[in-house]
Amino acid sequence: MLFRSAGNPPDVIAQAITKITDLLKGEKTDLSEIACDYSGLEALAVKVYDLARAIPPGQTRTYGEIATQLGDKRLAQAVGRAFGQNPFPILVPCHRVMGADGKLTGFSAGGGVATKLKMLAIEGAQIGEAPSLFGDLPLAIRPRSS
């Protein structure tokens with residue numbers, strides 16, 4: 001039988017809830033200090049998740065880069081499978097991991113790639129090429145290149 005406490009959650013849980021809520025409100029918040037219970041997970045997945053948690057907010061890596069950090073770039077597909085089974089999709093930030101050449105790939109949390117993009121936008125990540133100084137101006141008023 002499952003019992004629920006009528007009181008407040010323990011401090012560590014309340015702090016985790018606050019940090020996650022702040023992040024989802026658009027505040028830059030580091031969730032790397034929130035503990036995850038890796039019990040029952042494969043050793044490779046634990047290594048992959050630890051590497052993902054070390055990626056700073058607003059930065060990204062590719063599956064191949066994570067695989068290389070593991071010691072074998074051929075593990076990129078295994079890295080992708082581990083992220084596909086990620087039981088902690090916000091705490092283990094697999095949204096910060098892209099396909100080759102920065103391609104957006106699946107995301108295990110609800111909403112898929114759209115959610116991944118929202119999380120990256122909240123963190124201020126630059127997706128694709130950096131914008132040029134005049135890149136968003138209409139063509140008619142852009143300065144001509146010399």
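Coordinate-derived values only; no laboratory data. Quantities reported herein were computed from a predicted structural model and do not represent experimental measurements. Glycine gets a Cβ as well: all are built from the backbone with ideal geometry, and neighbour counts include every protein chain shown.
Given a Förster distance of 25 Å, report the FRET efficiency between Tyr38 and Thr68 from their Cβ-Cβ distance, rounded to the nearest 0.05.
Result of the calculation: an efficiency of 0.65.
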query: Given the convex hull over the Cα atoms of the range 1-115, what projected area results after averaging over all orientations, in nm²?
result: 8.7
query: Out of residues 5 or more away from Val97 or on other chains, whose amide H comes under 5 Å of its own, with H placed 1.01 Å from N in the peptide plane?
result: Arg61
